[in-house]
Each structure stands twice: as structure tokens, then as C-alpha cells.
Amino acid sequence: MPHGNLQTLSAFLSKPPKQTTVLPVPELPEVEVLVRHLRPWLKNKTIGDVSVYRARVLSPTTVRTFKKKLRGASFRGVSRRGKYLLFEIRCLGERRTQVLLGHLGMTGRMYLLPANHPLPKHAAVVMNLGRNKFVFEDTRYFGRLTFDLRPIRRLGAEPFDEEFTPEKFLEVLKHSRQPIKVRLLAQSIVAGLGNIYASEALFHAKLSPRIPARRLTAAQATGLWHAIRQVLSEAIQRGITIPLDYAGLGSKDGLFYFGREPGVIGSYEERLCVYARAGQPCVNCHTAIKRLIQVGRSTFYCPSCQRGNRGKKQFDAV
């Protein structure tokens, strides 16, 4: 039986680019790939014993409440909202389902292991599912697995939902003086869009990351709207073509998006155009990619292709 895993960042983290210390964080595509992989393995599985090794990842849910709700409960489904995983749980003796909210933080991983397999050093939560166990592992413990749903109530539109239209996108941008790259990181604008894909979308839309959001024209906002949907959709599609076969048994990790190591099954080509490529030639014009810091985050861009109002590349709808 294959086992779920999100080892999306291993190649990047083990061999970080020399020109930057950027630490990539799982965004919408990585979480969507994980959700699609976990869904069939968790559906209808009943939870036995629950072990909590790092109570902070449950906050504000208490360990007592967490265990009480989950013992004897069953997984009814797994979905996504922004960068969050939504585990639909039916608690023992209850007819209605509840949502268990998961977030990977910076270094979180969620996967299945054989019941008798030793636990990883940084296991935060483990649920016994019979022959297998569901493991939430997090090196830095910035992730979450909680019944507190407040974080998703503040999220904006999903990028592939009907309510996310070019018109509404322009409307939320025109009142902001923030640079467009900074504004895109607000989860109240586009749920799930983060540092990596915001940089990529701006490159494909040929927009400078420094342009104040309110100065975007309708045509530019529409081009950026298409670019956001395009880069996210392509990242998901590339991700699901790579087997996620890590089981913690010494086998090769299934990698997603940040390169691959020898022995990984399946064909793959790196397709990030600007992110973490400072000093390398632009894929379009060969100008060196530059890096700047905006509100403490690294932004990567091509100074030639992304000159403010120059260029309004059009995209086919995703």
C-alpha cells in the first residue's frame, strides 16, 4: 500500500540555492496535492488511540478535548481551503460531522505509516487507524491540527471559484496603496496564494512587484487574474504526476516542484521562472533575475520583463 506524504521541499531544503536563504513554505498547490493523495486512504477509516507529543500544534484546542473528540471517530472526507486541510470527522455517537483543521506551517508533513513502524523524531500527533497510523510530523511545530476554525473565516475567495472574478479582483486592489506583491500575500484577497506563486504570477503578467495595487489598470488586473490561476493550476497538475510514495522506510521520497533526485519515478522539469533564481538568466530575455525584500519576504523578478506598465501579456482562461 502506498503511503501519503508531503515531501515537497526536501530537495530545496537539503541543497538551498547559493544566492539566497529563502525557505519555501507549502502553498495552495502543495496542499491540494496532499489533499488529493490523502483522501482515498483516510476516507471511512476509524480512529483508535490518539497520541499527542506536541500540544502546541492543537492550540487553542486542549489535548483532552482533542482526544475525546477523535477516539472512535471516523474520517468522512478531506478537502482544502486556502492553505488549510479540512478533515471531515464524524465523532463517535454523533450524526453531524465536524471539521478538524490542519495547517503544515513551514515544515509540516502528513502521511501514513505501518502501525508497527517507529515514529519519526518530530512526530506531533499520531492517530491509530488499525493496520496503519496517520502521522502529523513537524520539525518546527509551526503547523496546526485543531478544531478551531477561526483562521478560515478570514480567507478570501478561492482562485478557481466562480466568485473570484477579474472585476472583483480589481475592486479589492484599487483601494490599496501597498505594492501589488505585498497585497497579493493577504489571504483575504486570494486564499492560498503565497510568496512563491505570487512572484511567479507577477512575472507571467509582466508586472513589477513594486507597483501600488491601486494603480493597476483593468487590463493589468485581468492579466494578473489569469496568471494567478494559470501558475496555480499548472503547479497542481505537475505535482499530481509525481508519485508521493514516501513511507518512512528508507525509500526515496516523492518530490514535488522543487526539483528531483536520481531514482524518482516519473518525468519532471523544473518550471519556476523567477522564484529562488536570483542571479540566474530570465527564461524570456536572459536578464539576471533580481531579489528584493518586501515586508520581510523575498521577492524575485526580472527587471527587464517586469517594468510596471510595459507589457500586458494575455492568458487563456484556466
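The values are calculated or read from the model by the stated rules, or taken from the named source; none is laboratory data. A quick note: this is a predicted structure, and the numbers were derived from the prediction, not measured. Cβ sites come from the backbone with ideal geometry, for glycine too, and all protein chains shown count toward neighbours.
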Looking at the range 119-138, is at least one residue out of contact with any Asp or Glu (no Cβ under 8 Å at 6 or more places or on another chain), assigned to a loop (DSSP other than H, G, I, E, B) and of a type in the set (S, T, N, Q)? no
Scan the range 191-208 for residues that are part of a helix (DSSP H, G or I), among the hydrophobic types (A, V, I, L, M, F, W, C) and at pLDDT 95 or above and jot them down. Ala198, Ala201, Leu202, Phe203
Taking Ser188 and the conditions (1) within 30 Å of Val50 (Cβ to Cβ); (2) modelled with pLDDT under 95; (3) touching a helix residue (DSSP H, G or I) at 6+ places or on another chain (Cβ under 9 Å), which numbered condition does it fall short on, given that it satisfies the others? (1)
Quick one: what pairs do we get from the range 86-114, first residue on the phi > 0 side of the Ramachandran plot, second part of a strand (DSSP E or B) and at pLDDT below 95, C-beta under 8 Å, 6+ apart or different chains? Gly105/Asp138
As an exercise: evaluate Thr139 against (1) farther than 20 Å from Arg229 by Cβ; (2) hydroxyl-bearing (Ser, Thr, Tyr); (3) in contact (Cβ under 8 Å) with a residue 40 or more places away in the chain and give the number of the one condition it does not meet. (3)
Condition (residue is touching a helix residue (DSSP H, G or I) at 6+ places or on another chain (Cβ under 6 Å), under 24 Å from Arg90 (Cβ atoms), modelled with pLDDT under 95 and in a loop (DSSP other than H, G, I, E, B)) applied to the range 3-18: is it met by at least one residue? yes
Among Val125, Val99, Val135, the single one that is hydrophobic (A, V, I, L, M, F, W, C), in contact with a Leu (Cβ under 6 Å, 6 or more places away or on another chain) and modelled with pLDDT under 95 is Val135
So, of the residues in the range 152-173 that are among the charged types (D, E, K, R) and touching a residue at least 12 places away in the same chain (Cβ under 8 Å), which turns out to be surrounded by the fewest Cβ atoms within 10 Å (Cβ to Cβ)? Arg154
Failed item, numbered, when Arg39 is tested on (1) assigned to a helix (DSSP H, G or I); (2) under 16 Å from Thr146 (Cβ atoms): (2)
May I ask you to verify whether Arg131 is surrounded by fewer than 19 Cβ atoms within 10 Å (Cβ to Cβ), without any contact (Cβ under 8 Å) to a residue 60 or more places away in the chain and under 23 Å from Leu193 (Cα atoms)? no
Could you identify the single residue in Val57, Val63 that is more than 25 Å from the chain's Cα centre (by Cα), at pLDDT 95 or above and aliphatic (A, V, I, L, M)? Val63
Suppose we filter the range 81-123 for residues that are under 17 Å from Val31 (Cβ atoms) and among the small types (Gly, Ala, Ser); how many remain? 4
